[in-house]
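What follows is a set of notes on a single structure, which appears directly below.
The values are calculated or read from the model by the stated rules, or taken from the named source; none is laboratory data. Because the structure is a prediction, the values reported are computed rather than measured. Ideal geometry is used to build each Cβ from the backbone, glycine not excepted, and the neighbour counts take in all protein chains shown.
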Amino acid sequence: MLRFIFFGFLGSQFHIALCAASAAEPKSEMVTLDAKPEPIAIDPAHTAVIVVDMENDFAAKGGMFDRAGIDISGAQKAIPPTAKVLTAARQPGMKIIYLKMGYRADLSDLGAPDSVNRTRHLKVLGVGQKIQAPDGRESRVLIRDTWGTDIVPELKPEPNDIVIYKTRFSGFYQTDLDATLKKFGIKYLIFTGVTTSICVESTVRDAMFRDYLCILLNDCMSEPIGNDLPRTNHEASLLNVERLFGWVSNSEQFVKAFTEKQKRAGQ
């Protein structure tokens, strides 16, 4: 009889502990985002917005792309809707993670001497070259901690945001992105940034292989390659994602979904 009383007491205490733990955990309401191929319900507490390479060298006058004669109008057009998405995402406390392409000053992480990553970046884009930035500072093309690798001012990271440098198109290659996402229990990834068919899609593919659920916001990204073709590389990448890698939505639908959530919370 004493044994039953003892184990009954332990069981009741365990149940009380579980209830207390559940009560202590913040409740999160799922939000349905209109998307293709179908709407997706996401949990804000387990969602991160990924901002890919929205830095001066890719999206600003005088940056690497602009100096190389690559059209940056699409990247600049993506800045305002991305800013709205970041504002909406910060309200429920979503993680904001910036990925920044940038190399060490000695170019030791650019790749082997005959690697495509090294040869194309040096020959086509002039990585490492000394320049004078538009703000008058001495700078170097796509080198860490210079003007070129600063995030564009309109999307400047806030103190609680996370910034991760990368040296290849995918944000998962030899970075702590995966470990960071797992640390915060992230499952859903909202993608913004440039360029759609290169760094964004490369990162999305690696994310999908790791079982993250990826949603691309089509007006928060752009792709200069193939922008004069009947179907652009931007559109082709979005179609790939819609069919096989995840979901495609836009900034309007994202902001609408979370504005409605905030309204419900205030009722």
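The numbered conditions (1) in a loop (DSSP other than H, G, I, E, B); (2) within 27 Å of D71 (Cβ to Cβ) are all true for E158 except (2).
Give the residues of region 164-173 that are out of contact with any helix residue (DSSP H, G or I) (no Cβ under 6 Å at 6 or more places or on another chain) and either buried (at least 17 other Cβ atoms within 10 Å of the Cβ) or in contact (Cβ under 8 Å) with a residue 40 or more places away in the chain (or both), sorted by residue number. The answer is Y165, K166, T167, R168. For region 87-98, how many residues meet the condition of being over 16 Å from I42 (Cβ atoms) and assigned to a helix (DSSP H, G or I)? Of the residues in region 87-98, 1 are over 16 Å from I42 (Cβ atoms) and assigned to a helix (DSSP H, G or I). Could you list, ordered by first residue, the pairs with Cβ atoms under 8 Å in which the first is in region 144-163 and aromatic (F, W, Y) and the second is buried (at least 17 other Cβ atoms within 10 Å of the Cβ), at least 6 apart or interchain? Listed by first residue and then by second, the contacts come to W147/N56; W147/A133; W147/S139. Which residues, counting only those in region 176-234, are modelled with pLDDT of 95 or more and basic (K, R)? Once the filter is applied, which keeps residues that are modelled with pLDDT of 95 or more and basic (K, R), region 176-234 yields K182, K183, K187, R205, R210.
Tell me, yes or no, whether region 137-148 has at least one residue that is in contact with a Ser or Thr (Cβ under 7 Å, 6 or more places away or on another chain), part of a strand (DSSP E or B) and of a type in the set (F, W, Y). Scanning region 137-148 turns up no residue that is in contact with a Ser or Thr (Cβ under 7 Å, 6 or more places away or on another chain), part of a strand (DSSP E or B) and of a type in the set (F, W, Y). Annotation for region 129-144: no member residue is surrounded by fewer than 18 Cβ atoms within 10 Å (Cβ to Cβ) and in contact with a Leu (Cβ under 7 Å, 6 or more places away or on another chain).
From the set of residues in region 31-63 that are buried (at least 16 other Cβ atoms within 10 Å of the Cβ) and out of contact with any strand residue (DSSP E or B) (no Cβ under 9 Å at 6 or more places or on another chain), which is farthest from L238 (Cα to Cα)? Among them, the one singled out is A45. Surrounded by fewer than 22 Cβ atoms within 10 Å (Cβ to Cβ), of a type in the set (S, T, N, Q) and modelled with pLDDT under 95: is that true of N240 in this structure? Against the criterion (surrounded by fewer than 22 Cβ atoms within 10 Å (Cβ to Cβ), of a type in the set (S, T, N, Q) and modelled with pLDDT under 95), N240 does not qualify. Please verify whether region 53-70 includes one or more residues that are part of a strand (DSSP E or B), on the phi < 0 side of the Ramachandran plot and at pLDDT 95 or above. Yes - at least one qualifying residue is present in region 53-70.
Within region 74-89, residues that are under 22 Å from G226 (Cα atoms) have Cβ atoms under 6 Å from residues that are of a type in the set (D, E, K, R) and surrounded by fewer than 20 Cβ atoms within 10 Å (Cβ to Cβ) in these pairs: I79/E154, counting only partners at least 6 apart in sequence or on another chain.
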